[in-house]
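Notes for the one structure printed next.
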Amino acid sequence: MGSSLPWHVVITILVADFDSLVPLRWQGVVRMMHDSPSQFASVDENPEDHLGGESWPRTPRSDSPLGLYTYGGVGVGKTMLMDLFVVSAPPEFRVLRTHFHDFMLDIHSRLRTHTKTADPLTFVAQDISETHRVLALDEFFVTDVADAMILHRLFNQLWDQGIVLVATSNRKPEDLYEGGLQRDLFLPFIDKLKVHCQIHNLDSPVDYRKLARHQKGLYFAGPNAKADLEQSFASMCVGCPEVQNASVTVKMGRRLAVPRARGPHCYFTFDELCGQAVGAADYIALARRFHTVCLEGIPKITGASRSDAYRLVMLVDVLYDNRIRLVCTAETQPAELFTNILTQAEHQSVDPSLGADSGEAIVDDNLGFAKDRTVSRLIEMRGLDYQVEHSNRHAPELLLALAEAQERPKE
């Protein structure tokens with residue numbers, strides 16, 4: 001995930017409650033640094049601090065705030081949080097945000113430009129500390145022996161100059177460069193890393209990247225539709241135990257049975273939700289309790305399913321108005337679900353000799369005028385703008401995951 005985010009997601013983040021999006025440890029890093037702006041004053045204020053100045057190396061800064069090293073599995077939000085930090089950091093932090101691999105390539109390139117000096121690493125550390133105060137390194141992962149051999153000395157000098165490290169990794173510090181050549185020479189770096197950074201395990205059973213990918217697969221039609229819906233439901237509900245015999249309270253004391261419920265997600269078949277004697281009050285109660293509804297088996301509407309069609313129109317209207325996410329399977333694509341429904345005018349233009357309900361056709365002005373709205377909403381509810389609105393209202397943790405889903409090619 002890159003640090004450049006779609007404009008609508010950035011705006012949503014900036015107007016959202018910072019405390020609700022950023023874990024306390026990340027808030028601490030931002031606020032400690034923000035409360036100590038003098039620590040991030042420009043080093044250019046003292047001309048003797050420049051390359052070749054007599055005062056090098058500068059006096060180590062013991063008052064610099066601790067950095068942060070977060071580690072955890074794939075898709076738990078490490079890069080998302082780093083990008084939140086970078087977006088939130090004021091200019092005086094002078095953050096360098098880059099991938100660890102790219103950072104080390106740059107270090108080796110800089111070393112080659114100082115090959116004639118007695119200690120090239122000292123000059124490289126000085127170059128970095130003169131232009132940056134915070135290093136935000138994504139995917140900290142050491143495999144190269146050349147990297148391992150210089151990291152200890154490089155970061156010793158960077159930390160001495162007050163550089164703050166914010167890093168993400170799939171590995172806890174103790175496992176970095178595990179099994180590598182001459183690892184004993186690398187171990188002092190791990191000890192220093194623990195001194196200069198808070199170590200935070202961000203592991204989670206939820207892979208938010210997989211969760212985000214479902215924004216590109218919310219409407220399934222075809223032979224594998226039911227399996228796709230089941231997989232989506234399972235992926236979205238990781239960490240949420242399934243509740244047996246769940247129900248929601250409807251107005252006037254009635255209760256609507258929910259056959260499958262997991263956290264803020266529920267699962268119905270079309271017959272359970274639109275083929276029974278339910279109405280708007282039931283759907284409103286459902287929308288107040290769950291932010292995601294999985295609906296299996298929407299049929300193509302025929303003369304035998306007029307009442308079901310009315311309930312489907314009503315359900316879509318309620319879910320849409322409340323910005324509820326709908327994940328469903330259907331017999332065909334939205335535009336083809338209502339082709340058998342005709343207004344009186346459409347019916348007359350086709351064949352006026354046909355009866356009002358001839359075979360699969362339904363002549364019904366109310367449904368005929370409502371069908372276009374329902375089709376339009378079913379299509380819109382699959383789009384990114386609707387999903388951003390849904391996340392902003394019900395699940396803000398998905399906002400940056402949505403951005404990443406748009407940036408990555410569909411797998």
Filter pass, Thr339 being farther than 26 Å from Pro264 by Cβ and modelled with pLDDT of 85 or more
yes
Determine which single condition Cys294 fails, assuming it passes every other condition in (1) assigned to a helix (DSSP H, G or I); (2) open to solvent by less than 10 Å² (accessible area, probe 1.4 Å).
(1)
Of the residues Ala89, Ala118, which is among the small types (Gly, Ala, Ser) and surrounded by 21 or more Cβ atoms within 10 Å (Cβ to Cβ)?
Ala89
Within the stretch 266-286, how many residues turn out to be open to solvent by less than 50 Å² (accessible area, probe 1.4 Å) and either touching a Lys or Arg at 6+ places or on another chain (Cβ under 9 Å) or at pLDDT below 95 (or both)?
13
Kindly evaluate Leu154 against the criterion of being among the hydrophobic types (A, V, I, L, M, F, W, C), open to solvent by 10 Å² or more (accessible area, probe 1.4 Å) and more than 18 Å from Tyr71 (Cβ to Cβ).
no
Go through (1) within 19 Å of Ser391 (Cβ to Cβ); (2) open to solvent by 10 Å² or more (accessible area, probe 1.4 Å); (3) assigned to a helix (DSSP H, G or I) and name the single condition Arg323 misses.
(3)
Restricting to the stretch 92-115, give me the number of residues that are of a type in the set (S, T, N, Q) and either surrounded by 14 or more Cβ atoms within 10 Å (Cβ to Cβ) or touching a residue at least 12 places away in the same chain (Cβ under 8 Å) (or both).
1
Set Gly179, Gly239: member being assigned to a loop (DSSP other than H, G, I, E, B), on the phi > 0 side of the Ramachandran plot, modelled with pLDDT under 95 and out of contact with any Ser or Thr (no Cβ under 8 Å at 6 or more places or on another chain)
Gly179
Among all residue pairs at least 6 apart or on different chains, which show Cβ distances below 6 Å where the first residue, located in the stretch 236-254, is polar (S, T, N, Q) and the second is at pLDDT below 85 and in a loop (DSSP other than H, G, I, E, B)?
none
Would you mind stating whether Lys251 is charged (D, E, K, R), open to solvent by 20 Å² or more (accessible area, probe 1.4 Å) and at pLDDT below 90?
yes
Just need a number here: residues in the stretch 89-130 that are of a type in the set (A, V, I, L, M, F, W, C) and not in a helix (DSSP H, G or I).
4
Given Val74, Val86, which one is hydrophobic (A, V, I, L, M, F, W, C), at pLDDT 65 or above and assigned to a loop (DSSP other than H, G, I, E, B)?
Val74
Taking the residues in the stretch 182-213 that are within 24 Å of the chain's Cα centre (by Cα) and in a loop (DSSP other than H, G, I, E, B) as candidates, determine which candidate is modelled with the highest pLDDT.
Leu202
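The values are calculated or read from the model by the stated rules, or taken from the named source; none is laboratory data. Worth saying up front: this structure is predicted, and the values here are computed from it rather than measured. Heads up, the Cβs are rebuilt from the backbone with ideal geometry, glycines too, and the neighbour counts pull from every protein chain shown. Note: accessible area is taken over every heavy atom of the protein model, side chains too, but ligands, DNA and RNA are not part of it. Shrake-Rupley method; radii C 1.70, N 1.55, O 1.52, S 1.80 Å.
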